[in-house]
Amino acid sequence: MRDDDADRVLDAEQWRLEVQAVINDVKKHVQDLRVSEQLTSTNQVIYLNLITLEGLRFCVELSAAGFAIVGNRHDDTSNASNERFETPYSLLNFVSPQYRNSFGNALLDKLKELSDKQ
């Protein structure tokens, strides 16, 4: 994402749709991903609590600038880093080796399903 996107504001409905799309896209490849009920989300940033397939817990910030791990436990923003990921897939690929396996196996299953239909 571009630097000038970092302060882009989405309305409440756009954020809700964006977050739900992210959760739906990766829910089969994580133990849990949900909006933090403890941290205040705004129309510029939303906080997600993630549990990877390995059982690792993170707090993830989603903004127009992308995804960033901001804490090594739920509802924690004490480890804010400058490392941003453009997609939830690149973030998960970085923190979860089992995500790679899960995602790869899902692709193989879909390819096999398509092949079987022909």
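Values in this text are rule-based calculations from the coordinates and carry no lab data. Quick caveat, the model's predicted, so the values are computed rather than measured. Cβ coordinates were reconstructed from backbone atoms using ideal geometry, including for glycine residues, and neighbour counts include every protein chain displayed.
Using 0.36 nm per residue and subtracting the Cα-Cα separation, the extra length available between residue 114 and residue 86 on full extension is 7.2 nm.
Grab the DSSP H runs of the chain that are 4 residues or longer, score each as -39,500 (n - 2.57), total them, divide by all residues and round the 222 nm result to the nearest 500 deg cm²/dmol.
Details: 3 runs with 44 residues, N = 118.
Taken over the chain, the calculation gives -12000 deg cm²/dmol.
Put a dot 7 Å past the Cα of residue 51, heading toward its Cβ, do the same for residue 79, and the two dots end up 1.7 nm apart. Farthest towards the positive end of the charge dipole of segment 12-117, among the residues 44, 63, 26, is the Cα of 26, using unit charges on the Cβ of Lys, Arg, Asp and Glu. Compactness of the chain, taken as the C-alpha radius of gyration over 2.2 N^0.38 Å, stands at 1.14.
If you take the square roots of the eigenvalues of the alpha-carbon gyration tensor of segment 70-118 and sort them as a ≥ b ≥ c, do you get rounded (a/c under 1.5), prolate (a/b over b/c) or oblate? The partial results should precede the final answer.
On the way: a/c = 4.35, a/b = 3.27, b/c = 1.33.
Here segment 70-118 falls in the prolate category.
In this Cβ point-charge picture (+1 for Lys and Arg, -1 for Asp and Glu), the chain has a dipole of about 480 debye about its Cα centre. Spin-label pair residue 13-residue 107: with each label point 7 Å from Cα along the Cα-Cβ axis, the two points sit 3.6 nm from one another.
Where does the longest stretch of the chain lie that holds no GluC sites (Glu not before Pro) found in a DSSP loop with 14 or fewer other Cβ atoms within 10 Å?
On the way: sites that count: 37, 54, 83, 86.
Between exposed loop sites, the widest span is 1-36.
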